[in-house]
Amino acid sequence: MASLPPIDLPSNATGAGAFDAPAGVEGNPLFEYLLRLGDDSLVLGQRLSEWCGHAPSVEVDLSLANMALDLIGQATLFLDYAGEVEGKGRDGDSLAFHRDVLDFRCCWLVEQPNGDFARTMARQCLFSTWQHLLFGRLAGSADERIAAIAAKAVKEVAYHRELASEWVIRLGDGTEESRRRMADGLDWTWRFVAELFEMDPLAGFMAEKGIGTDLAAFRADYDAAVRAVIEQATLPPPPDQRPILGGRRGHHSEHLGHLLATMQFLPRTYPDARW
């Protein structure tokens with residue numbers, strides 16, 4: 001990943017190994033939690049980068065590229081920290097480019113193909129609304145390093161949320177064609193929302209320690225925010241669907257493997273290359 005301007009981050013308030021893994025969680029819980037945060041941003045950043053040179057207009061092309069850079073910057077900070085916690089000499093680049101698909105902990109929503117522009121905006125709206133609410137709470141994390149990263153990232157994600165919501169409204173309340181495409185985009189991505197709020201043993205443990213947050217606690221705020229956008233888009237809410245889970249435990253769709261094959265090709269082919 002490209003180097004980023006340094007920011008001042010306080011020292012870790014918890015420290016690696018400050019607590020044992022709870023039942024149902026393998027390995028270092030802080031490391032695993034940081035992978036979830038970093039992998040979400042990394043994979044969605046890679047997805048958005050696929051629009052470079054292909055967006056509907058130059059202005060949109062630049063907007064999507066900037067959002068991708070924001071997300072990859074977040075991933076760099078979370079994964080670098082994860083490497084420090086792991087203590088095996090791996091940094092953010094190693095974790096991004098030299099892990100296999102089963103070792104990734106991103107949610108299913110971010111790994112889904114872009115589809116058309118409407119589907120991309122539907123996915124972005126659903127994810128950025130959640131990530132904005134999440135980072136707002138993680139800015140108060142008991143882990144000072146996570147809190148600092150989240151406090152920086154929440155400002156970036158506020159823009160992502162605003163831009164994506166505006167496009168959902170514009171396309172939903174636009175032409176017959178744009179309306180159909182946005183409705184299809186929301187219908188495609190809706191099944192993946194439930195996983196964002198899954199409180200498995202790791203999420204529950206990190207919330208109990210004050211490092212993470214109770215995801216269920218802001219589900220009502222999320223639903224209200226998304227519902228307001230859909231109503232402004234004059235679209236019916238997507239029907240309830242069977243939720244798809246497993247990304248947090250390394251169970252992914254076939255799409256992530258194809259994405260990683262592209263993203264990881266160069267560093268795996270030339271592992272000693274530096275640029």
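The values are calculated or read from the model by the stated rules, or taken from the named source; none is laboratory data. Values in this document were obtained by computation on a predicted structure and should not be read as measured data. Every residue, glycine as well, gets a Cβ built from its backbone with ideal geometry; the counts of neighbours run over all protein chains shown.
Testing His255 on (1) out of contact with any Pro (no Cβ under 6 Å at 6 or more places or on another chain); (2) modelled with pLDDT of 95 or more; (3) within 30 Å of Pro56 (Cα to Cα), one condition comes back false. Which one is that?
It is condition (1) that His255 fails.
Listed here are the residues, each with its yes/no results for (1) surrounded by 16 or more Cβ atoms within 10 Å (Cβ to Cβ); (2) modelled with pLDDT of 95 or more; (3) under 16 Å from Ser141 (Cα atoms).
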| position | (1), (2), (3) |
| --- | --- |
| Ala183 | yes, yes, no |
| Leu186 | yes, yes, no |
| Arg191 | yes, yes, no |
| Ala194 | yes, yes, no |
| Ala207 | yes, yes, yes |
| Ile211 | yes, yes, yes |
| Asp214 | no, yes, yes |
| Asp221 | no, yes, no |
| Ala224 | no, yes, no |
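Counting just the residues of region 53-68 that are within 21 Å of Glu156 (Cβ to Cβ) and either in contact with an Asp or Glu (Cβ under 7 Å, 6 or more places away or on another chain) or in contact (Cβ under 8 Å) with a residue 60 or more places away in the chain (or both), which one comes out surrounded by the fewest Cβ atoms within 10 Å (Cβ to Cβ)? Spell out how you get there, then give the answer.
Of the residues in region 53-68, the ones within 21 Å of Glu156 (Cβ to Cβ) are 55, 59-68.
Keeping just the survivors that are either in contact with an Asp or Glu (Cβ under 7 Å, 6 or more places away or on another chain) or in contact (Cβ under 8 Å) with a residue 60 or more places away in the chain (or both) gives 55, 63, 67.
Numbers: Ala55: 17, Ser63: 19, Met67: 23.
Checking each candidate, the answer is Ala55.
Conditions: (1) in a loop (DSSP other than H, G, I, E, B); (2) crowded, with 24+ Cβ neighbours inside 10 Å. Pro113 meets all but one. Number of the miss?
All conditions are met except number (2).
In this structure, is Gln46 farther than 19 Å from Gln112 by Cα, under 12 Å from the mean Cα position of the chain (by Cα) and not basic (Lys, Arg)?
On the way: farther than 19 Å from Gln112 by Cα: no; under 12 Å from the mean Cα position of the chain (by Cα): yes; not basic (Lys, Arg): yes.
When the stated conditions are applied, Gln46 does not pass them.
Could you please find all residues in region 36-45 being closer than 16 Å to Gly250 by Cβ and buried (at least 24 other Cβ atoms within 10 Å of the Cβ)?
Taking region 36-45 and keeping what is closer than 16 Å to Gly250 by Cβ, we get 36-40, 42-43.
Those that are closer than 16 Å to Gly250 by Cβ and buried (at least 24 other Cβ atoms within 10 Å of the Cβ): Leu37, Gly38, Asp39, Asp40, Leu42, Val43.
Here are the criteria: (1) under 25 Å from Ala65 (Cβ atoms); (2) surrounded by 20 or more Cβ atoms within 10 Å (Cβ to Cβ). Tell me which single one Arg248 does not satisfy.
With respect to (1) under 25 Å from Ala65 (Cβ atoms); (2) surrounded by 20 or more Cβ atoms within 10 Å (Cβ to Cβ), Arg248 is out only on (1).
Six or more apart or on different chains, Cβ under 9 Å: which pairs go from a residue in region 131-157 that's at positive phi and assigned to a helix (DSSP H, G or I) to one that's of a type in the set (Asp, Glu) and surrounded by fewer than 22 Cβ atoms within 10 Å (Cβ to Cβ)? Could you list them?
Sorted first by the residue in region 131-157, then by its partner, the list stays empty.
Note down all Cβ pairs under 7 Å where the first residue falls in region 69-80 and is farther than 20 Å from Phe31 by Cβ, the second is among the acidic types (Asp, Glu), and they're at least six residues apart or on different chains.
Asp70/Glu156
Looking at Leu71, Leu48, can you tell me which residue is assigned to a helix (DSSP H, G or I) and in contact with an Asp or Glu (Cβ under 9 Å, 6 or more places away or on another chain)?
Numbers: Leu48 fails: in contact with an Asp or Glu (Cβ under 9 Å, 6 or more places away or on another chain).
Exactly one of Leu71, Leu48 is assigned to a helix (DSSP H, G or I) and in contact with an Asp or Glu (Cβ under 9 Å, 6 or more places away or on another chain), namely Leu71.
Taking interchain pairs and intrachain pairs at least six residues apart, which have beta carbon atoms under 7 angstrom, with the first residue in region 229-247 and polar (S, T, N, Q) and the second surrounded by 15 or more Cβ atoms within 10 Å (Cβ to Cβ)?
Pairs found: Gln232/Ile169; Thr234/Gly172; Gln241/Trp190; Gln241/Arg191.
Can you work out which of the residues in region 1-60 that are more than 27 Å from Trp108 (Cβ to Cβ) and of a type in the set (Val, Ile, Thr) is modelled with the highest pLDDT?
The qualifying residue modelled with the highest pLDDT is Val58.
Across region 162-180, what is the total count of residues that are crowded, with 21+ Cβ neighbours inside 10 Å and either outside any helix (DSSP H, G or I) or of a type in the set (D, E, K, R) (or both)?
0
Of these, Ala153, Ala75, Ala142, Ala65, which one is touching a Cys at 6+ places or on another chain (Cβ under 8 Å) and modelled with pLDDT of 95 or more? Please lay out each step first, then the result.
Numbers: Ala153 fails: touching a Cys at 6+ places or on another chain (Cβ under 8 Å); Ala75 fails: touching a Cys at 6+ places or on another chain (Cβ under 8 Å); Ala142 fails: touching a Cys at 6+ places or on another chain (Cβ under 8 Å).
Just a single option satisfies the conditions, and that option is Ala65.
State the number of residues belonging to region 228-273 that are part of a helix (DSSP H, G or I) and either within 30 Å of Glu176 (Cβ to Cβ) or among the aliphatic types (A, V, I, L, M) (or both).
Kept after step one, since they are part of a helix (DSSP H, G or I), are these residues of region 228-273: 228-232, 247-249, 254-263, 265-269.
Narrowing the set further to residues that are either within 30 Å of Glu176 (Cβ to Cβ) or among the aliphatic types (A, V, I, L, M) (or both) leaves 228-232, 255-256, 259-261, 263, 266.
Residues in region 228-273 being part of a helix (DSSP H, G or I) and either within 30 Å of Glu176 (Cβ to Cβ) or among the aliphatic types (A, V, I, L, M) (or both): 12 in total.
Being touching a residue at least 60 places away in the same chain (Cβ under 8 Å) and either more than 14 Å from the chain's Cα centre (by Cα) or not in a helix (DSSP H, G or I) (or both) narrows it down to one of Arg119, Arg123, so name that one.
Numbers: Arg123 fails: either more than 14 Å from the chain's Cα centre (by Cα) or not in a helix (DSSP H, G or I) (or both).
Selected residue: Arg119, the only one of Arg119, Arg123 that is touching a residue at least 60 places away in the same chain (Cβ under 8 Å) and either more than 14 Å from the chain's Cα centre (by Cα) or not in a helix (DSSP H, G or I) (or both).
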